[in-house]
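*Asks:* Right, I'll just put the structure down here and ask away after.
Derivation of every value follows stated rules applied to the coordinates shown; laboratory data play no part. A quick note: this is a predicted structure, and the numbers were derived from the prediction, not measured. In this analysis, Cβ positions are derived from the backbone assuming ideal geometry, glycine residues included, and neighbour counts consider all displayed protein chains.
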Amino acid sequence: MKIINKKALHNYHILDLLEAGIVLTGSEVKSIRAGRIDLGEAYVRILNGEAYLLNANIARYAQGSDTSYDATKSRKLLLHKDQINTLIGKTSGSKNTLIPVSIYEKNNRFKVEVGLAKSKKEFDKRKIIKERDHQRRIEQELRGKE
């Protein structure tokens, strides 16, 4: 199962991708397997030499017993020190940001695909939508003629 952050792909140009592990509790893992995660407002910050996923909304597991569960708490990302240093270098002097592009399961462990991203302008978004609609019309016409 792969959960994609469509909002991030719409709002940002993805320049580089990086795979990172994530620290989760058991009930959070079960909730993600049920597809109850929202990465729409999530972003990645590097604090004190460690990467954290912030604002990722993982809904409370229905059969879980934790009543004081915080759905949008910060979760630590597992990266090597040199990877963190490269990300600090790429984001410090420019207008680039780190966003989670997707989350997926690999060998019974969840991985987060972190993207180094640059914000799109409004006209870029409109241009992409226009091209997608045009391509869809061409495909419909080709299917209709066959």
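*Asks:* Just GLN63, GLN83, GLN135 to compare: in a GNM of the chain, with alpha carbon springs under 10 Å, which one fluctuates most?
*Replies:* Fluctuation is largest for GLN135.
*Asks:* Looking only at ASP82, ASP124, ASP38, which one moves most when the chain is put into a Gaussian network model with springs between Cα atoms under 10 Å?
*Replies:* Judging by the Gaussian network model, the answer is ASP82.
*Asks:* Given 0.36 nm per residue, what is the gain on full extension from ARG137 to THR67 after removing their alpha carbon distance, in nm?
*Replies:* Contour length minus Cα-Cα distance gives 20.2 nm.
*Asks:* Which of ALA20, MET1, SER94 sits farthest toward the positive end of the charge dipole of the chain, with +1 on the Cβ of Lys and Arg and -1 on the Cβ of Asp and Glu?
*Replies:* SER94
*Asks:* While we're looking at this one, here's another question. May I ask you to sort LEU79, LEU53, LEU9, LEU47 by Cβ crowding, counting other Cβ atoms within 10 Å and putting the fewest first?
*Replies:* The most exposed by this proxy come first: LEU47, LEU9, LEU79, LEU53.
*Asks:* Moving on to the next point. Computed on alpha carbon atoms, what radius of gyration and Dmax characterise the stretch 2-120, expressed in Å?
*Replies:* Cα-based Rg and Dmax for the stretch 2-120 come out at 14.2, 46 Å.
*Asks:* Would you please put 91-97, 127-133 in order of how densely packed they are, using the mean number of other Cβ atoms within 10 angstrom per residue and starting with the highest?
*Replies:* Highest to lowest by the protection proxy: 91-97, 127-133.
*Asks:* For the chain, what does the helix formula give at 222 nm: sum of -39500 (n - 2.57) over DSSP H segments with n ≥ 4, over the residue count, nearest 500 deg cm²/dmol?
*Replies:* My calculation for the chain gives -10500 deg cm²/dmol from helical runs alone.
*Asks:* Treating the beta-carbon of each Lys and Arg as +1 and of each Asp and Glu as -1, no other charges, what is the dipole magnitude of the chain about its Cα centre, to the nearest 20 debye?
*Replies:* That gives a dipole near 320 debye.
*Asks:* Once you place label points 7 Å from the Cα toward the Cβ at ASP38 and HIS80, how far apart are they in nm?
*Replies:* For ASP38 paired with HIS80, the spin-label model returns 3.7 nm.
*Asks:* When the scattering of the stretch 91-146 is computed by the Debye formula from its Cα atoms alone, each counted once and equally, what is log10 I(q)/I(0) at q = 0.24 Å⁻¹?
*Replies:* Each listed q maps to, in turn, -0.92.
*Asks:* With just the Cα atoms defining each centre, how far is the stretch 1-54 from the stretch 82-146? Give it in Å.
*Replies:* Taking the Cα centre of the stretch 82-146 as reference, the centre of the stretch 1-54 is 14 Å away.
*Asks:* May I pose another question? Per Stokes-Einstein, at 20 °C and 1.002 mPa s, what whole-number D in µm² s⁻¹ belongs to the stretch 70-109, with the Kirkwood radius over Cα pairs as the hydrodynamic radius?
*Replies:* Translational diffusion coefficient: 169 µm²/s.
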